[in-house]
1. For region 185-209, which positions are part of a strand (DSSP E or B) and under 17 Å from Ser243 (Cα atoms)?
2. Which of the residues belonging to region 223-245 are in a strand (DSSP E or B) and surrounded by fewer than 22 Cβ atoms within 10 Å (Cβ to Cβ)?
3. Within region 268-277, restricting attention to residues that are surrounded by fewer than 24 Cβ atoms within 10 Å (Cβ to Cβ) and touching a strand residue (DSSP E or B) at 6+ places or on another chain (Cβ under 7 Å), which residue is farthest from Val246 (Cα to Cα)?
4. Cβ contacts < 9 Å: first residue closer than 10 Å to Leu345 by Cβ, restricted to region 51-73; second residue in a loop (DSSP other than H, G, I, E, B) and among the hydrophobic types (A, V, I, L, M, F, W, C), any location; separation 6+ or different chain. Result?
5. Every residue in region 168-184 that is assigned to a loop (DSSP other than H, G, I, E, B) and either surrounded by fewer than 16 Cβ atoms within 10 Å (Cβ to Cβ) or among the aliphatic types (A, V, I, L, M) (or both), please.
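Every number in this text was worked out from the coordinates using simple rules, so none of it is lab data. Here the structure is a predicted model, which is why all the values come from computation and not from measurement. Backbone-built Cβ (ideal geometry, glycine too); neighbour counts: all protein chains shown.
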Amino acid sequence: MDRIRNEKGYALLLVMLLVVLFTLMGMGLLTMNMNAAKQFNTKEEQVQARHQAEMGILHYGAVLEEKIKNSSATAMKCSDIDALLGTTKKITAGNYIVEPVNALGSSCKEMENSKLLEITIKSKGIINEDTIKEVKATFYAANQGVSTSAPIASGSADSPTMPTSPDTVTLSELTMKKEIKRYTGNLIINTKLDIEGGSSDSLIVGKDLYITGNIVIQNHACIAAGGNFVALKSFNWGHSKTSLLVRNDAYLPSTIGNWQKNQVNAYVFGDLYLPRTYNYDVKKQDDRNLYIAGKVYQLDSQNKYNEIKNPFKALKGQQVTDASKLSCGVTASKEDILGVPKWILQDEKIINYQ
């Protein structure tokens with residue numbers, strides 16, 4: 001049988017197959033482009049929503065800063081801060097809404113005997129009603145007013161004041177080993193504070209701690225004073241985890257040795273007074289974790305205390321939280337009453353993106 005040699009129509013069939021093929025490819029590419037465009041638009045909306053949420057944080061920060069600036073010398077409470085959000089408990093402007101994180105409508109928490117306000121709010125950025133981004137921010141407002149119980153004042157030539165109230169306990173020597181000692185009033189140690197090696201030791205003093213003698217720390221010590229802390233003789237920190245918590249002012253000696261990063265942490269919530277010369281030697285500046293919330297004063301050649309720039313670290317934000325978690329945690333003495341308030345908004349704020 002002869003082969004069929006009629007090839008008419010093959011070209012048409014090939015063209016139709018190519019048209020179908022390119023149509024399918026075109027549709028696939030079109031779908032991909034549409035999906036990519038949709039994803040791009042979604043991403044763009046998310047970025048815009050986050051920017052709007054950040055704008056809400058900036059808006060609230062400006063309102064808060066203005067409030068604290070205008071109320072610097074007043075007795076400010078959390079109720080004053082919550083009032084910034086108005087009766088609706090929110091600020092709505094543009095494409096963002098600012099409101100408290102707390103479901104009860106409170107954005108503020110009083111800490112450190114009402115000397116520190118922790119203010120936490122959240123800002124929602126909204127684009128096209130269905131794209132929402134949330135940012136949380138925590139601000140800290142601190143009262144750095146003059147304390148009526150400061151051991152010494154700027155320009156004074158007096159030595160730190162020794163406690164004399166009826167609830168004062170005076171010891172010649174105090175030795176501790178694997179124990180916790182608490183004193184509700186003031187404590188004076190004349191000869192020696194000896195914290196021997198072993199498990200963690202905690203010395204908790206409700207008011208002022210005044211040490212005229214030697215301080216010997218082996219390791220694992222936590223010392224806290226609800227009022228002022230005074231150490232007149234040089235000493236070394238222990239060889240492992242050691243913490244000092246002072247709720248009011250601190251007077252430190254000329255030499256403190258053995259600063260070890262992440263092993264020694266000292267928190268002073270009031271002012272710090274330094275002698276004419278001091279040596280707190282460290283290998284690296286960042287190794288010395290001495291945090292000061294108030295001002296720093298140093299004795300000059302005329303035996304007067306003058307304010308100097310803080311040569312150490314500022315006590316704020318995370319360090320405040322760390323101090324509150326210490327095993328020797330103590331609240332500020334009830335006698336630690338501030339005279340003239342001086343509220344400031346601390347530079348550090350904590351931002352969390354949701």
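1. If we filter region 185-209 for residues that are part of a strand (DSSP E or B), which is where we start, we get 187-195, 201-205, 209.
Those that are part of a strand (DSSP E or B) and under 17 Å from Ser243 (Cα atoms): Leu193, Asp194, Ile195, Asp201, Ser202, Leu203, Ile204, Val205, Leu209.
2. Within region 223-245, the subset in a strand (DSSP E or B) is 223-225, 229-231, 235-236, 242-245.
Correct list: Phe235, Asn236.
3. Applying the first criterion (surrounded by fewer than 24 Cβ atoms within 10 Å (Cβ to Cβ)) to region 268-277 yields 274-277.
Filter again for touching a strand residue (DSSP E or B) at 6+ places or on another chain (Cβ under 7 Å), leaving 274-276.
Working: Leu274: 15, Pro275: 18, Arg276: 22 Å.
Of everything passing the filter in region 268-277, Arg276 is farthest from Val246 (Cα to Cα).
4. So the pair list comes out as Lys67/Met76; Ile68/Met76.
5. Taking region 168-184 as the starting set, the residues that turn out to be assigned to a loop (DSSP other than H, G, I, E, B) are 168, 177-179, 184.
Listed by number, the residues that qualify are Lys177, Lys178, Glu179, Thr184.
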